[in-house]
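Asker: Got a structure here, written out as structure tokens. Questions coming.
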Amino acid sequence: MPDEQEIQLDLERQGIFLSTLNRLYNWGRRSSIWPMSFGLACCAIEMMAFGLSRYDVSRFGAELFRASPRQADLMIVAGTVTKKMAPQVVRLYNQMAEPRYVVSMGACATSGGPFRDGYNVLRGIDLLLPVDVYVPGCPPRPEALLHALMALQDQIDHQKLGRLRWYGSGNKPQTSDFPVPTFGAKGLEVDGRLIDPVGGLPLLSPYNAPEFGETKTGSLEHPEIVRHFPIMDPTVELEDAFKAQGVSPEIAANDLKRDEVGDGKA
Amino acid sequence: MARLSAAELRERLRNDLPAALVEPAPLNLKAAPAHGAQAAGFITTDAVVAPERLVAAALYLRDTLGYAYLSDIAVVDYLADGLFELGYRFYHVEGGPSLVIKTRVPRETPEVPSLTPVWPGANFHEREAFDLYGIIFTGHPFLRRIYLWDEFEGFPMRKDFPKQGDKYIGADE
């Protein structure tokens, strides 16, 4: 595919225009990504700057912020997704017409950010929606969001019509509605199962960013995640917020996995 | 401009509303070591009124002193002392510093008379205090959760709400 593109570009410079339906399709798609005007927190302020004249997203053909999910191609999850807002976010995504893309903007939308250990913030919108581009930052600069848009356009450039996750062959899990979580006593629930418990890890694997819009299972997985970070060992008790009690196991075992810093003589 | 200090407020409450003021017991505060040596028991200088006289004291601030704007209601959970302290902050509409009256209720039965029937602006403040701390405002017309969903169990701003996060997996709640 890259070679093909090189040849095409080379020919275009010489005045010969050859194209494929794929390329025409992707060119049309990438040149009019209409985002939904939808902001959740402070990242939305940066998103406004990204849309207005100083950073001017209309240079990329994405200037039309639509107020309706039916007319939008791109959902920019701009800000902290609280658990109370998460069902509405999924419902808005379900109402968007395919093809649809998601940009997770900022630390909160990506992972929960500073509120990850709290009781009311979803630990990343990728637990519920397939995210195409993640933008780090708190909040990201408008330039970073522009770069995310360019990255998304690059992904769209590499889409293949027959293998798109929306209308390719095979089962197309992403055309069905994504499960809308419901409120439970301890957090959000999907099919009666707690997906983001108040204390503990989310029991839902993230929807990985699909590469070039092709690979995607779309099925909900509930792995009992077993992770062990020695520094997070529960035997390392915090007596209060100011004083750590005990020695972490990796220090006790002298297992820091790195050499001590020498004094330069040896 | 209204400039009434906390000491003056206590003096006026003592004269005009007898038996409303209570003597605040010292609180078991545990300060950060970085904050230096502090007195063991902290005694607030604000006016602390008995919960059953709270409405009378608030109306006294509004009708007699002119502090008509209830700015906020703050709740502090003193777990070691077994009590909640509620601070009501009032402003005079002509400006000037605020006045605070406080009240204390035991953690087991956190019931405070509601200001909403006489002070509609207290509605959302009290619902917030109920949502996050579980304070029962008796007489409130619509005491439901305001931030969290109705199905949520527990009051997350209480000090004994279970710790959150990856770090606490397997820890007893």
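Asker: Do we have A:Arg70 as touching a residue at least 12 places away in the same chain (Cβ under 8 Å), surrounded by 13 or more Cβ atoms within 10 Å (Cβ to Cβ) and within 26 Å of A:Leu127 (Cα to Cα) here? Before the answer, list the steps.
Answerer: Details: touching a residue at least 12 places away in the same chain (Cβ under 8 Å): yes; surrounded by 13 or more Cβ atoms within 10 Å (Cβ to Cβ): no; within 26 Å of A:Leu127 (Cα to Cα): yes.
In short, no.
Asker: For the condition surrounded by 13 or more Cβ atoms within 10 Å (Cβ to Cβ), among the aliphatic types (A, V, I, L, M) and either farther than 19 Å from A:Lys186 by Cβ or in contact with a Gly (Cβ under 7 Å, 6 or more places away or on another chain) (or both), what is the one hit in B:Val93, B:Val105? Quick ask: steps written out before the conclusion?
Answerer: Working: B:Val93 fails: surrounded by 13 or more Cβ atoms within 10 Å (Cβ to Cβ).
Of B:Val93, B:Val105, the one residue that is surrounded by 13 or more Cβ atoms within 10 Å (Cβ to Cβ), among the aliphatic types (A, V, I, L, M) and either farther than 19 Å from A:Lys186 by Cβ or in contact with a Gly (Cβ under 7 Å, 6 or more places away or on another chain) (or both) is B:Val105.
Asker: If you go through segment A:43-60 one residue at a time, how many are within 14 Å of A:Leu145 (Cα to Cα) and in a loop (DSSP other than H, G, I, E, B)? I'd like the intermediate steps shown before the answer.
Answerer: Step one: filter segment A:43-60 for residues within 14 Å of A:Leu145 (Cα to Cα), giving A:43-52, A:54-60.
The next check asks that each one be in a loop (DSSP other than H, G, I, E, B); those that pass are A:52, A:54-56.
Qualifying residue count for the region: 4.
Asker: Additional query: Applying the selection to segment A:78-118, what residues are within 22 Å of A:Pro136 (Cβ to Cβ) and assigned to a helix (DSSP H, G or I)?
Answerer: Here is the first cut: in segment A:78-118, the ones within 22 Å of A:Pro136 (Cβ to Cβ) are A:78-82, A:85-86, A:89, A:93, A:101-118.
A:Ala86, A:Val89, A:Tyr93, A:Gly106, A:Ala107, A:Cys108, A:Ala109, A:Thr110, A:Ser111, A:Gly113, A:Pro114, A:Phe115, listed by residue number.
Asker: Give segment B:116-173 a look and list any residue that's exposed (fewer than 13 other Cβ atoms within 10 Å of the Cβ), touching an Asp or Glu at 6+ places or on another chain (Cβ under 9 Å), assigned to a loop (DSSP other than H, G, I, E, B) and modelled with pLDDT of 90 or more, or say none.
Answerer: B:Arg144
Asker: So A:Pro140 passes all but one of these: (1) farther than 21 Å from A:Leu21 by Cα; (2) at pLDDT below 90; (3) touching a Gly at 6+ places or on another chain (Cβ under 7 Å). Which condition number does it fail?
Answerer: Answer for A:Pro140: the failing condition is (2).
Asker: Just a yes or no: is a residue in segment A:119-136 modelled with pLDDT of 85 or more, surrounded by fewer than 17 Cβ atoms within 10 Å (Cβ to Cβ) and outside any loop (DSSP other than H, G, I, E, B)?
Answerer: no
The values are calculated or read from the model by the stated rules, or taken from the named source; none is laboratory data. Bear in mind the structure is a predicted one, so any value in this text is a computation, not a measurement. Please note: Cβ atoms are built from the backbone with ideal geometry, for glycine as well, and neighbour counts cover all protein chains shown.
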